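What follows draws every value from the coordinates through simple rules; no lab data is involved. The shown structure was predicted, so the numbers you read here are calculated from the model rather than taken from an experiment. Neighbour counts are summed over all protein chains in view; Cβ atoms, including those assigned to glycine, are modelled from backbone coordinates with ideal geometry.
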Amino acid sequence: MRRTSLLASALALMPLAAVLLTACGGGDDRLTIYAGRSKNLVQPLLEQFSEDTGISIRVLYGDSTDLALGILEEGQNSPADVYYGQDVGALGALKAAGRLSELPSALLAKVDPAFRSPDGLWVGISGRQRVIVYNTDAVDPAELPSSILDYTAPAWEGRFGIVPRSDGFPEFVTALRLLKGEEFARRWLEDLDANDPTAYANNIAAIQAVANGEVDVAFLNHYYLFRFLEERGEDFKARNYYFAAGDVGGLFLVASASILDSARQREDAERFIEYLLSAEAQQYFTDETHEYPLVPGIAADPGLQPLSQIDPPQIDLSDLTDLRGSLDLMRQTGILP
Amino acid sequence: MTQPILVCRDLSKRFGHTAALWGANLELREGGLLALLGPSGCGKTTLLRLIAGFEMPDAGEIELRGRLISSPSHTVPPEKRGVSMVFQDFALFPHLSVGANVAFGLPRGVNKQARVAELLALIRLESLAARMPHELSGGQQQRVALARALASEPALVLLDEPFSNLDPSIRADVRDEVRHLLETVGITAMIVTHDQEEALSLAGEVAVMMDGEVLQVGTPGEVYARPVSRRVGEFVGAANILPGKLEGRQVECELGRFAVDAGFSGLADVMFRAETLAISAEGGVAAEVTDVDYYGHDQMVTARLRSGAEVRLRLLALQPYAIGQQLTIAATAEPLVFPRQTPPG
Amino acid sequence: MALALAQARDRLNRAPLILLALAALVTAAVLMPPVYLVWRATESSAIWEHLSDESTLRALGRTLLLTASVTATCIALAVPLAWLTGRTDLPLRRFWTVLLALPLAVPSFVGGFVMVSALGPGGLVQDLLAPLGVDRLPSIFGFWGAWITLSVVSYPYIFLQVRASLSRSDPSLEEAARGLGNGSWRTFWRVNLPQMRPPIAAGALLVALYSISEFGAVSMLRYDTLTPLVYLQYTTSFDRAAAAVLGLPLIALAVLILGLEGMTRGRAHYYGGAQPRPARTMELGSWRWPGFAFCALVALLGVGLPVAVILYWLVSGLSAEGTTSFLAAAAVNSTLAAALAALAAAIACLPVAYLSARHAGRLASFFEKASYAGQSIPAITIALALVFFAATYATPLQRTLGLLVFAYTVRFLPEALGAIRGALLQLNPNTEEAARSLGAGPLKTFARITAPQALPGVFAGMLLVFLTAIKELPITILLSPIGFDTLATEIWSATSEAFFTRAALPSLTLLLISAFAVLIMLRRERLT
């Protein structure tokens, strides 16, 4: 015996199948950019590129790590030509999977060797520095320790905020291990953990917490503050504090661009990276995102510590791309769950 | 003798390990009203659902007007059978008005409005066409369900326990009305019921079903007066069974010796209908009243015989009886005899 | 009784093949993420080390505690709210219904953010209380914050289902109970509540599964359940195998929760009554204002706070330029994708729901339970699974609207399934057979008898899918056509870089569209 709904269901499923099959987006010959950077920050720049060069682009905005994971799952069928992100761990994962292709040396040569991959797989586009963000009511900047290593002192118990999951902290731990040795890093993390730091889900939450006085200081990237100052005005109760020259805390990280091994629009992809390294684009980073330009000859935002004055710890950024050892160490010392 | 409109042949149907039908046979004559009577769980609803096309038989076949409509390998879907069903809960479409309910089965091309009006007039609900089903009383819902089933002039209407959801006080009236309606329309109908009184009073023909089989088909009088087995006899009316012995054309039991017409001899179950026993002034056997159920028009008196066997007497309610009262009982009609069975269970 | 059970069992044998095939197809699609998860997990060389790690076990304990508390709280909130707005003379019933459904449409990363902004240190509430000398509130972080936040955003799962079932329940049972001398409260406990059990269980199931797979809010509130651990493996180690291993306990938990729900179902009843009538309105009397206050309090937490914070973003922000240009496109995209997802989920779950409601049996039960996979696995895993399957086996589908809708359907199918199954169970199957015997074929019967009667449930299910799909983030980012901006991605993109003012308009638009969807559903409810 036939029950009622089957035929109807079968018929009803057909539009679904039709939607699935007809909404076809494949075979696009536009330059495809996976941008792990906020659309609000970089969209005007990317549109300008398209306008200037006549190269039509399509951009997928998302989290740097999510997009890298997507590329890994998509394999050789990834529509992405360019990966433009701000997460060195993601670069490490893409590199380990053999998904990055070598960039032309002319492009690589535009930035200091410190800001690019030694094997030519990625090139830094703009830079950010690790700083202490402090609450202007609770803290006198003159009293802030100038080295990150001193924030495990008892005076900072319960006053210190970190974002252990992303955006620089694991990279910092790697730098710590490289410069001071595994044992030192372990002890420092243990001391930090004993000092009851507050772990935030992301930089925005951390900086907000500093301004609200939930913690007095937090260890973050420098440029988030400027977004808040633009958004909330000069009354915003947080400011940046830069570490002393050469301190491991003042790690300098880059947002970078790379071309995938599966890229179909290689030529356009190279032109895109070239554009990001142009004076015009570099000036944009200075003016709009408050990041450091990496191409010599472009001045940084006067509100920042001048690039010439920063003396970041001498770390090869490509050494930071394998974060696994650092994450294990953070887990063992209780910094990560 | 008209040709049977419906023939059910050796129908069997299992649900898992339970057999619901076990070689059931049934015929239905054009224009007749047949009551399918049986205790609950005897398979009568399953038989109805097989005829309606909601189930497929495991064995056997069903023919309607000479056309095979159901067999294990071939089935005509319910909507193509011309068999409509009135459900126990009426199953009116709650989202459609009375008029739309009645019009539901009408084929295209029929003047629906006229036909609905005609049917509603037939059931005397012409003013309620716009009502929603939940705004009707139970009896009105029943009539709408029937009108809906009759609308497209099906070959056969099946009614599944149609009166069991109705208030007892209106049941008899609704029953008469339904019979009258079915007769007026002249449609062939089959009613499933477990209520003997309902079956006997309503139908031209009664089919008694037990344990998945149709045991007897006949007029109400035949089924009541000449049941084919002790169980059928017990089911269709109040009966007293006494052990007895059959010798030639005479049977002997505690109530005496009676002449009977039986094709066997030896140990027998002797059955007296409750209304064939009476209080006797002269002759009879002694008994003591153990229970009285008073119904107003009559009463059922239970009395214990000397052997300890209890018998029930349906007596007019002219005289009250008390528990413990001594009586003398005699049979006023010949009993029925059946070969002795070991009691089931 | 034995016969009735046997009949029920026999139904599966006669469940039409095409129905079984369709249900199997839907189940296969829905099982893609868990299959992917298990397959990825087997790539790990340290499965047991990950699973038996102390941090994993601690996270599992937290997950259990949070899931149990949130589910219980949601039931306690949702049932009285549904009753108050559905069956009583509460003032402004429809207004409250719309408002009380909305928390479901608040993206969880916004919900978490709002809780912190409102109840966290230095937040709105503390500011309000500061004049009273309160300078520190109990910490919002950890269990309490996660518990409150998840309860407030997910109780509508139960609220909407119970609300829909109240509109089709049979008042005669209730009247019978009243007639038997039970007072209103006793009637509620003894008759109404048991009648509401199926929708409560269906909603609670969604809440529990949502709680185990939720990421945005728990991470904002720093309560590390298993799902944040899975994310951590993905986003810091890029260890997809380890992430998958940590996802395995989630599957086990989901199976456990489904088993528990199955036990509460008991001997599922059939439909409520022969001729459902509109339910009677209960007079609240002196309970009127306490009931009003209760609705107001929950609405304040669930909608009032987010709106307050969003408005604060809007008025306090200085960089509001450049928002409106892409807002319209994002609103259209969001609405389109969520509406298609609602439609697709309703259609796809029909064979599964129908099989489960009408041909109950082991296979039907397997299909039904398996369909809950999407709700119990972290969204990022579902997204990556479908990215993988599309890139490997269906490249033309990559980055298409179709694939996005498909992914939403996989994720949100359970939400439609519970509601539609419930509606089918409450529908009198005799009405379908009556239609057949009156000459209507299967199609006509479905279109004119089954579908109209099941419609309130179908709409409730579609509404749930719509409200949750419109806020979905990880799946949207990883699967949408490139350049297909939605309100959720706009909000995320803005808040992730502290462009709060720019986040305000898309957030308000999202809530307005959602409110509109709830209104449409309420209108349908009144019509049917």
At most 10 other Cβ atoms within 10 Å plus a DSSP loop assignment makes a site exposed; report the longest stretch of chain B without any exposed trypsin sites (Lys or Arg not before Pro).
B:109-305
Sorted from largest to smallest, which semi-axis lengths in Å does the alpha carbon gyration tensor of segment B:47-90 give for its equivalent ellipsoid, taking the root of 5 times each eigenvalue?
18, 12, 8
How compact and how long is chain C, expressed as Rg and Dmax of its alpha-carbon atoms in Å?
23.1, 76
For chain B, what D do you get in µm² per second when you plug the Kirkwood radius from alpha-carbon pairs into Stokes-Einstein at 20 °C and 1.002 mPa s?
95 µm²/s
Loop only per DSSP, at most 10 neighbouring Cβ atoms within 10 Å: give me the GluC sites (Glu not before Pro) in segment B:245-282, ordered by residue number.
B:GLU282
At a 10 Å Cβ-Cβ cut-off, how would you order B:SER137, C:SER437, fewest neighbours first?
B:SER137, C:SER437
Please work out the C-alpha center-to-center distance from segment A:80-139 to segment B:91-139 and express it in whole Å.
76 Å
Relative contact order in percent for chain B (Cα pairs under 8 Å, 6+ apart) equals 15 percent
Farthest toward positive dipole pole in chain C [+1 Lys/Arg, -1 Asp/Glu at C-beta], among C:SER165, C:ALA241, C:THR450
C:THR450
For segment C:480-511 versus segment B:204-249, the gap between their alpha-carbon centres in whole angstrom:
81 Å
Working only with C-alpha atoms, what are the Rg and Dmax values of segment A:155-239, expressed in angstrom?
13.9, 43
Mind putting together the pair-distance distribution for segment A:179-319? All Cα pairs, 10 Å bins, whole percent per bin, short to long.
9, 29, 34, 21, 7, 0
Binned Cα-Cα distances of segment B:269-345, short to long, each 10 Å bin given as a whole percent
19, 50, 26, 6
Could you tally the net charge around C:SER213, taking each other residue with its Cβ under 15 Å from the Cβ of C:SER213, Lys/Arg +1 and Asp/Glu -1?
-1
Restricting segment C:29-68 to GluC sites (Glu not before Pro) in coil, as DSSP defines it, with at most 15 other Cβ within 10 Å:
C:GLU43
Simple label model, 7 Å out from Cα along Cβ direction - C:ARG94 to C:ARG197, nm:
3.5 nm
Expressed as a fraction of 2.2 N^0.38 Å, the rule-of-thumb size for a compact globular protein of N residues, what is the C-alpha radius of gyration of segment C:371-528?
1.28
Give me the log10 of I(q) over I(0) for segment C:342-438 at q = 0.10, 0.24 Å⁻¹, as the Debye formula computes it from C-alpha points; what are the numbers?
-0.35, -1.19
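Given segment A:73-219, what whole percent of its Cα pairs are spread farther than 27 Å?
So the pairs more than 27 Å apart make up 37 percent of the total in segment A:73-219.
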From other protein chains only, count the Cβ atoms within 10 Å of every residue's Cβ in B:79-90, then give the mean.
5
R0 of 35 Å, Cβ-Cβ distance B:THR328-B:ASP167: FRET efficiency to nearest 0.05:
0.25
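Could you put A:ILE148, C:ILE380 in order, starting from the residue whose Cβ has the fewest other Cβ atoms within 10 Å?
Fewest-to-most Cβ neighbours within 10 Å comes out as A:ILE148, C:ILE380.
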Taking chain A and dividing mean pair separation by its residue count, relative contact order in percent (alpha carbons under 8 Å, at least six apart):
25 percent
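Across segment C:393-443, how large is the tail of the calculated P(r) beyond 13 Å, expressed as a percent of all Cα pairs?
Of all Cα-Cα pairs in segment C:393-443, 72 percent lie more than 13 Å apart.
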When the convex hull of the C-alpha atoms of the protein assembly as shown is computed, what volume per residue in Å³ does it have?
215 Å³
Binning at 5 Å from 0, report for segment A:94-143 what percent of all alpha-carbon pair distances ends up in each bin.
4, 16, 20, 11, 11, 6, 7, 8, 9, 6
Net charge (Lys, Arg +1; Asp, Glu -1) of residues whose beta-carbon lies under 12 Å from that of B:VAL214, B:VAL214 excluded, is -3
Contact order relative to length for chain C, counting C-alpha pairs under 8 Å separated by 6 or more residues, stands in percent at 24 percent
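Would you mind computing Rg(Cα) / (2.2 N^0.38 Å) for segment B:105-161, counting N as its residues?
In units of the globular-protein estimate, segment B:105-161 measures up at 1.13.
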Hull volume per residue for chain A, using the convex hull of the C-alpha atoms, in Å³ is 187 Å³
Please list, or write none, the aspartates and glutamates whose alpha carbon is within less than 17 Å of the alpha carbon of A:LYS95, excluding same-chain residues fewer than 8 places away.
A:ASP66, A:GLU73, A:GLU74, A:ASP81, A:ASP87, A:ASP119, A:GLU171, A:ASP261, A:ASP316, A:ASP319, A:ASP322, C:ASP239
How large is the translational diffusion coefficient of segment C:58-133 in µm² per second when you combine the Kirkwood radius over alpha carbon pairs with Stokes-Einstein at 37 °C and 0.692 mPa s?
214 µm²/s
Ranked on Cβ counts within 10 Å of their own Cβ, fewest leading, C:TYR157, C:TYR393 go C:TYR393, C:TYR157
Hey, how many Å between the Cα centroid of segment C:112-163 and the Cα centroid of segment C:63-77?
16 Å
Paired Rg and Dmax values of segment C:21-169, which use every Cα atom, in angstrom
20.8, 66
9 Å beta-carbon shell around B:GLU198, net charge (K/R +1, D/E -1)
0
Can you find, among B:PHE54, B:ALA20, B:GLY31, the residue sitting farthest towards the positive end of the charge dipole of segment B:17-69, where Lys and Arg contribute +1 and Asp and Glu -1 at Cβ?
B:GLY31
Candidate lysines - alpha carbon under 30 Å from C:LYS444, same-chain residues fewer than 8 apart omitted
B:LYS13, B:LYS44, B:LYS80, B:LYS112, C:LYS369
